[in-house]
Amino acid sequence: MNFIDNLATRWTNFIRSNYQNAASEKVLFYAISLSINTFLSYFCTLLICAFTNHLQQAVIVIVMYSLLRTTSGGVHLSTSLRCCTYSILMFTIISHISFDFNYMHIGLIITILSSLILMRTAPEGIKNISRIPEKHYPLLKLISVALVLSNIYIGSSIIAIAFFVQAIHTTKFGYSLISFVERIIDHTLGKEGAEHES
């Protein structure tokens, strides 16, 4: 069990022991684990980018990516620690990419491509995770596409990249990419290391 799950388990047991009306152990663990994961990925990204003078870019990437992720869903890694590490790397890399291209050329193409992807895929992978009824999925799709297209007015290259990366995470290619990343991790850590991590 990794340290995120270990901490989530301790907090879950504490809440269940002290509050009789608390939610089920499974629900509490998931909520706490997700909260820790999210906090650590945001905090570490902002800390790294503050040291490298890219704090403003990091804030933009985190806010816009997370907003789109909320409505469009997407692939998940197999453990909370992997998800947290991947998120930190992804946010940091996007924040440090030098966008010298003119948004009205490449950025506009990326924005339109992202919206087309989400028209087909969003919301992806939220059925057994989100409490939102399936009847509202078309609305989530509409919100996702509208959010991406809003960048045509904003005209931000860094937002265009953040949205595009999230859109990719809702596709079969995105699932294949994450699967490939996890195979590399498993190969690097070895069987015992992977089992200890989970």
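Structure data summary
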read-out: So LEU46, is it surrounded by 15 or more Cβ atoms within 10 Å (Cβ to Cβ), closer than 23 Å to LEU147 by Cα and not aromatic (Phe, Trp, Tyr); value: no
read-out: Some residue of region 90-107 being touching a residue at least 60 places away in the same chain (Cβ under 8 Å) and within 10 Å of the chain's Cα centre (by Cα); value: yes
read-out: Pairs, first under 10 Å from ASN37 (Cβ atoms) in region 1-15, second of a type outside the set (S, T, N, Q) and assigned to a helix (DSSP H, G or I), C-beta under 7 Å, six or more apart; value: ILE4/ILE36; ILE4/LEU81; ILE4/CYS84; ALA8/PHE29; ALA8/ILE32; ALA8/ILE36
read-out: Hey, ILE60 within 18 Å of the chain's Cα centre (by Cα), hydrophobic (A, V, I, L, M, F, W, C) and more than 23 Å from GLY174 (Cβ to Cβ) or not; value: no
read-out: First in region 168-185 and over 13 Å from TYR86 (Cα atoms) and free of Cβ contacts under 8 Å to residues at least 60 places away in the same chain, second anywhere and assigned to a helix (DSSP H, G or I) and among the basic types (Lys, Arg), Cβ under 9 Å, 6 or more apart; value: THR171/ARG120
read-out: Criterion (farther than 18 Å from VAL165 by Cβ, in contact with a Leu (Cβ under 7 Å, 6 or more places away or on another chain), modelled with pLDDT under 95 and surrounded by 14 or more Cβ atoms within 10 Å (Cβ to Cβ)) met by exactly one of ILE15, ILE32; value: ILE15
read-out: Residue identified as buried (at least 17 other Cβ atoms within 10 Å of the Cβ) and modelled with pLDDT under 95 among LEU77, LEU89; value: LEU77
read-out: Residues of region 121-150 satisfying the condition of being at pLDDT below 95, within 24 Å of SER87 (Cα to Cα) and not hydrophobic (A, V, I, L, M, F, W, C); value: PRO123, GLU124, GLY125, LYS127, ASN128, SER130, ARG131
read-out: Candidates SER87, SER95, SER115, SER130, filtered to the one that is part of a loop (DSSP other than H, G, I, E, B) and among the small types (Gly, Ala, Ser); value: SER130
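The values are calculated or read from the model by the stated rules, or taken from the named source; none is laboratory data. It should be emphasised that the depicted structure is a prediction, and the values quoted were computed from it without experimental measurement. We place every Cβ from the backbone using ideal geometry, glycine too, and count neighbours over all the protein chains shown.
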